[in-house]
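Every read-out reported here was derived from the displayed coordinates using simple, explicitly stated rules and does not represent laboratory data. All of these numbers come straight from a predicted model, not from anything done at the bench. Cβ placement follows ideal geometry from the backbone for every residue including glycine, while neighbour counts extend to all protein chains displayed.
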Amino acid sequence: MDDQYLDAFIRESQEAITELNNSLLDLESDPSDREAMDLIFRTAHTLKGNFGAMGFEDASNLAHAIEDLLDEMREGNMEVTPERMDLIFAGVDQIEAIVREIEDEGESSVDTSDTVADLRAVLDGEYDAATEDLGGSDAGGDADEDVEVTIDDEFEHSVIRATVDIGDSDMPGVDAMLAMSNAEDTYDFLTTVPDRDDIEDGEYEGTFDVYLDADDVGTVKMELEDIGEIESVDTDDVTDEVTIAGDDADEDDDGAEAGSVDEIKSVRVDVDQLDDLHGLVEQLVTSRIKLRRAVEEDDFDAAGENLNELDKITANLQNTVMDMRLIPLKKVVGKFPRLVRDLARDLDKEVEFTIEGEDIELDRTILTEISDPLMHILRNSVDHGIESPDEREAAGKDRTGHIELRASRERDHVIIEVEDDGEGLDVEAIRRQAVEKGVRSADELDTMDDGAIYDLVFHPGFSTAEEVTDTSGRGVGMDVVHDTVTQLDGSVSVDSTPGEGTTVSLRLPVTMAIVKVLFVEVGDEEYGVPLKNVDEITRTDETKQINDNEVIKHNGEIYPVVDLGDAFNVPGAKKRSNGHSNGQGDEEGMLVRIRESERQVALHCDSVNSQEEVVVKPLEGILSGTPGLSGTAVLGDGNIVHILDVVTL
């Protein structure tokens, strides 16, 4: 199949699935919403046709069954009930899994027959909506497809579920034992359903499930079917559906898998942007020819003019390309309403979720990285922030909790806030937890205001689910949120009012690939300070001593001085005389005062050099998360310069 057509099919299907999920949520909240119903029907019909045209018949049959059920609802022959919507959502989830597998493997081995049978059973009146019991349908098979599986060991590849059919056998237990023994020669077993002892005793009906550590469903199917005792095998990749024994509650306690966001691999580009790009490339080629000619003719005046022209062209090219990388926030948050819906339903809570500012644009890389932190925050809001309907009613609140995700643009930053009207954070409980875990001393906590106390939930010491969830209602995985956001050169904070709710705020750069920096020298090293963080450059003879700490005063505010030579233990850095200036000006170095909005501090360096735009690469491996450093940049002469993170320095 032509990769170009397959890629277009995958992108269109992913967008259609997101649109279908959100329209189904609209219909569930208002069954009389005719517009939502019509949109749902058209989207399901389009998916059916696209799957059929691309040759994916199982997926087409599933979309067809969903379409038929929706048609009955649209015609008024069947009511919209939560149980029926659960079944439709399950079908949509399976369609999404099929698309993901097609994207990864180029084909899909997902068996949709059981889900199709369940949907058809509803249409045939065999499904009791009140009890969720499939009356005459045996579509689920003998093995329990929906069982919650926990495995004891970490797996190296993926978790593949093999549903094994021994066929007609006089000794089903013996044949099953031989089949599994032969399979273990090739694969590591993680667990079985039912238990292995029961399988080997023949206490299973028709089929049983074996969970394997493997990396390809097709290969597993082929090799297991070569085993003599096995008549047939169905295989699925269920890596995202299993629980690893000992995992933190944050990984699986919400029970909701919907809402996962894959890496953004495509962007939509306006035709005008393409025209601009084409025009700039033409100018670039012309300028290159003129520059080469000037150099060959030793015409340095013309060469200088051409370099200036080239500088303008590349600046425009940079801006155009960066704009093309910008993607609306809805590309990620479009899947969140379904996540909130499933989690609230699983926890027997009533939650209304709204999104504001989903058209705000961010760089593709930032948007991809921020999806998981946002899901962490939303899960905590639903699971630990919003109270149960009875608790809310007892507290004089509406039974339905409210969560809002809103985004706004502030110059070159985007602010994303997740606000809930739940029970809020308990300051005193956080204080106790901080002391117990050694995060802060009692004396330190006494000097901290509530805002600083709330920010302690981002400390790794608050990541133990059993303790922190009961104490503060937050914290599980919030250290991961903090780390991810800071690595993106952003910041995160928490504000809360007990009994009224909590707001988590993320401040992110719109783009992070190209940054204008101020180069400073410290001993034998050179560092880059993002120019957006710099407020003023001064001489060191303005410093003063307060309680043996070196500071400078600006507009009545005190700014502590951070010596970069000491902070990074740089050899050859200029030493201060008793920690303060001796009045000799440049011999003592320079001070770079940071904007108060970022951090109230001044950086001491030996000298300040030039300003330049650089391409910043985030730190990786063991350097990732190093305090004081946000990334590296390669200069025109090939030297590598560290870019400072003034917040964590």
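Once the chain from residue 548 to residue 239 is taken as fully extended at 0.36 nm per residue, the excess over their C-alpha distance is 105.6 nm.
Here's how it looks for residue 643: its modeled amide H is under 5 Å from those of 528, 630, 631, 632, 633, which are all 5 or more places away or on a different chain. The length gained by stretching the chain between residue 168 and residue 394 to full extension, at 0.36 nm per residue less their Cα-Cα distance, is 75.4 nm.
Report D for segment 150-246 in µm² per second (integer): Stokes-Einstein, Kirkwood Rh on Cα pairs, 37 °C, 0.692 mPa s. The Stokes-Einstein estimate is 247 µm²/s. Computed from backbone phi, the HN-Hα couplings of segment 284-298 come to 5, 5, 4, 5, 4, 5, 5, 5, 4, 5, 5, 5, 4, 8, 6 Hz, rounded to whole numbers (Karplus: 6.51 cos²θ - 1.76 cosθ + 1.60, θ = phi - 60°; Gly and Pro given as x). Based on alpha-carbon centroids, what's the gap between segment 367-384 and segment 183-211 in Å, whole number please? Between the Cα centre of segment 367-384 and that of segment 183-211, the gap is 36 Å.
Computed from backbone phi, the HN-Hα couplings of segment 63-69 come to 4, 5, 5, 4, 4, 5, 5 Hz, rounded to whole numbers (Karplus: 6.51 cos²θ - 1.76 cosθ + 1.60, θ = phi - 60°; Gly and Pro given as x). Arranged from fewest to most other beta-carbon atoms within 10 Å of their beta carbon, 617, 574, 331, 312 become 312, 617, 574, 331. Shown in residue order for segment 342-350 are the 3J(HN,Hα) couplings computed by the Karplus curve 6.51 cos²θ - 1.76 cosθ + 1.60 at θ = phi - 60°: 5, 5, 4, 5, 5, 9, 6, 10, 10 Hz (x for Gly and Pro). Fully extending the segment from residue 30 to residue 326, taken as 0.36 nm per residue of separation minus the present Cα-Cα distance, adds 103.2 nm.
Taking amide hydrogens as placed 1.01 Å from N in the peptide plane, the amide H of residue 207 sits under 5 Å from those of 142, 143, each at least 5 positions away in sequence or on another chain. Between residue 225 and residue 408, the simple spin-label model (points 7 angstrom out along Cα→Cβ) gives 5.9 nm. Within the straight-line cut-off of under 15 Å between alpha carbons, the aspartates and glutamates reachable from residue 574 are 521, 524, 525, 526, 541, 563, 566, 586, 587, 588, 606, sequence neighbours fewer than 8 places apart in one chain being disregarded.
Each of 96, 297, 542 has some number of other Cβ atoms within 10 Å of its Cβ, and from fewest to most they run 297, 542, 96. Once the Cβ-Cβ distance of residue 557 and residue 444 is raised to the sixth power relative to R0 = 22 Å, the FRET efficiency obtained is 0.50.
Placing R0 at 45 angstrom, the Cβ-Cβ distance between residue 415 and residue 53 gives a FRET efficiency of 0.55 after rounding to 0.05. In terms of surrounding Cβ atoms within a 10 Å radius of their Cβ, 377, 453 rank from fewest to most as 453, 377. With a simple spin-label model that places each label point 7 Å from the Cα along the Cα-to-Cβ direction, the separation between residue 5 and residue 38 comes to 3.2 nm.
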